[in-house]
1. Ranked highest first by average number of other Cβ atoms within 10 Å, how do 314-321, 592-599, 102-109 line up?
2. Which parts of segment 56-98 would a label at A155 reach, counting a residue when its backbone N lies under 18 Å from a point 7 Å out along Cα-to-Cβ?
3. Tilt of helix 323-339 relative to the longest C-alpha principal axis of the chain, in degrees (0 to 90, nearest 10)?
4. In whole angstrom, how long is each semi-axis of the equivalent ellipsoid of segment 463-618, when you take the square root of 5 times every eigenvalue of its Cα gyration tensor and sort them from largest down?
5. At q = 0.12, 0.28 Å⁻¹, what log₁₀ I(q)/I(0) does segment 525-596 have when each alpha carbon counts as one equal point scatterer in the Debye sum?
6. What nm distance separates the two modelled labels at D460 and K85, each placed 7 Å from Cα along Cα→Cβ?
7. For segment 42-187, what are Rg and Dmax over the alpha carbons, in angstrom?
8. Taking only Cα atoms, what is the 0 to 90° angle, nearest 10, from helix 407-418's long axis to the longest principal axis of the chain?
Amino acid sequence: MKKNKVFLRNIHLDFHTGPKILDIGKNFNPEEFALTFKEADVDSVYVFAKCHHGHLYYNTDRPERHPGLPKDLNLLKEQIEALHKNDILSPVYMSVQCDEYAANTHPEWIAIDIDGKYVKWGGGPFTAGWQILDMSSPYQDYLAEQLEEVLKKFAPIDGIMFDMCWDQVSVSKYAIDGMRKKGYDPKNPQDRNKYAREIAYQYMERYKKIVMDYHKNYDEPLIWFNSRPKTTLHIEKKFINHISIESLPTGGWGYTYFPYVIHYVRPLKMITYGLTSRFHKSWGDFGGLKPEAAMKYECCQMLSQNVGVGIGDQMHPRGTLDKIAYKQIGKIYQYIKKCEPYMKSGEVLSEIGVFINPELGDNPGAVGIGIIRLLQELRYQFDFLPPESDIDKYSLIILTEMIKVDEKLRIKLEKYVENGGNLIISGESSIDNEGKPIMKQSGIEIEGKSPYTTTYLKVDKSISHDVADMNNVLYENGFRMKPEGKDAYSLCSVVEPYFERAYDHFCSHYQTPPDKISPYSAIIQKDKIITFSFPIFTAYGKHANLQYKKIFHNCIKRLLPEPIIKDEGPSHLETSVIKNGKNIIVHLLSFYSQRKAENMDIIEDSIPIIDMFLSVKIPQRPKRVFYAPEEKNITFEYINGRVEFKVSFFTGHTMVVFEDSI
């Protein structure tokens, strides 16, 4: 393989097969196997060396070889050879902390929770589920021996994924001994978490070295440790050389997970691909096929972020693939392939940098949902950033309420504002440990936490555009603040209720009604800084109140009057902007998910966009503007640095190319 080749159209082919299934590969035909992928325009397939059941799928004398795999079938070898004959890459998969065979033969290697019970996914001892191994036990050496054998037999390989690699806390005798050697207290939860993280880093470094040692005379294979938080990748990138974002929206991840993670990953500038699935629900959903519109949306969303595309499947134990599923996958991948020429060497453009707290992980709850929904629905182009990031390139910086500003970050922000940068501060991020404003430039005076659970917002006419002219309810608690200094002024007043609702004095069914405008402000602006006294992102993520979005939008427009994208589209429309050589490419996605099941959002159809006004900030008048991949020209005007036109598309996704526009 070429060094650091990205998998553009990948299949992750699960093969977790229990030992009681004894006809493994009975109908496997290597030529038919490879041809199915080739006809679907797949360019790489993850194939299994070892599954969660702990079984191996190649010729070996080790007892872990699947008992149902015929002696004359070297499955992994035949898969790799057949794929390579068809110019399809074949990276290898190995399960790490899930290993049923090792757990059953060495129960002393199983991780133990704080209550003294074996750690298991899926419930108690009489429910189906994975037993989780302790990586501080001799199991780590056991897995290293398996890895060495795989590499001896198959190196050079195209890539390798180590799966199920989260930080597993354990109080086994191995873990307790390891903690004591480091001077940690096993009774301390923080020490247990710290040790679990260190053990993960230790085996990641070890396994990466083993892989690289077998490739000293070959191109570097792609290496990835799955199931780890992507928000720690700015630290953990030394263990990997590419990124995979596993996200099955109907399998528990939801439709905000991938956008949240990809906006954090993009600034790392590493080879990346997304991974959804063909399943209606989640992994191992045999017979489940998601709607074609959902599959197209999930793949085009990856494409729009300039990353490779991945779809998960599971091969039947007998070694056959579902032809109907690959007919649908092929239809999607053929479209993706037509789009790829416009994406090579592209760079996603962003105008807003958003500081988040990486320690909260990939799914921080309502605050994350709120950030994603607000910025996507308003069509701003943005990155998520850890506190140590450089910020000079951004026109606007947003401090979310999940950030606690330390001295280093405060100095960075002050310098950014002094150099002309714009800043929005949300909720508690504006307060230091002493209850004072983090920045003197913000022009706010703080008078403690609001005593009211629910208050009301009365906006100034300067941010009143399209906002309901009423006392708009605020369901989230904030703090009391006032403008300080002659250049600071209120954009929104707080209307407080008659009293705080309680068991012995309340009014009506829900919250206490508004009484009168208080002396406090909900939003204050001073120069290029706007401060919200309440957590605007959490509020929108929890309640989706349309008035919050309108107020937030009006505030951003005061600081960023000429964003990259302006349009008159519906709220579900998603956009991204990519610089590719001398061209600018704008992706437009129009799909809408509905809550059709108790805990699942489903996409069945794309939504046509007809004659929608679109305005894009472009450095110079483009040579031409056209839809891609069909290359149909668009009539446009170039006015004051912006290309303006009407756009229509009917299949959920299109790209608008601005040729020679840089």
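1. 314-321, 102-109, 592-599
2. Within reach of a label on A155: 77, 90-94.
3. Roughly 50 degrees between the two axes.
4. 35, 25, 12
5. Log-scaled intensity ratios, in q order: -0.50, -1.30.
6. Placing both labels 7 Å beyond Cα along the Cβ direction yields 7.4 nm.
7. Rg and Dmax of segment 42-187, Cα atoms, are 17.3, 55 Å.
8. With both axes taken from Cα atoms, the answer is about 60 degrees.
Every number in this text was worked out from the coordinates using simple rules, so none of it is lab data. Computed from a predicted model, the values in this text were never measured in an experiment. Cβ: placed from backbone, ideal geometry, glycine included. Neighbour counts: every protein chain shown.
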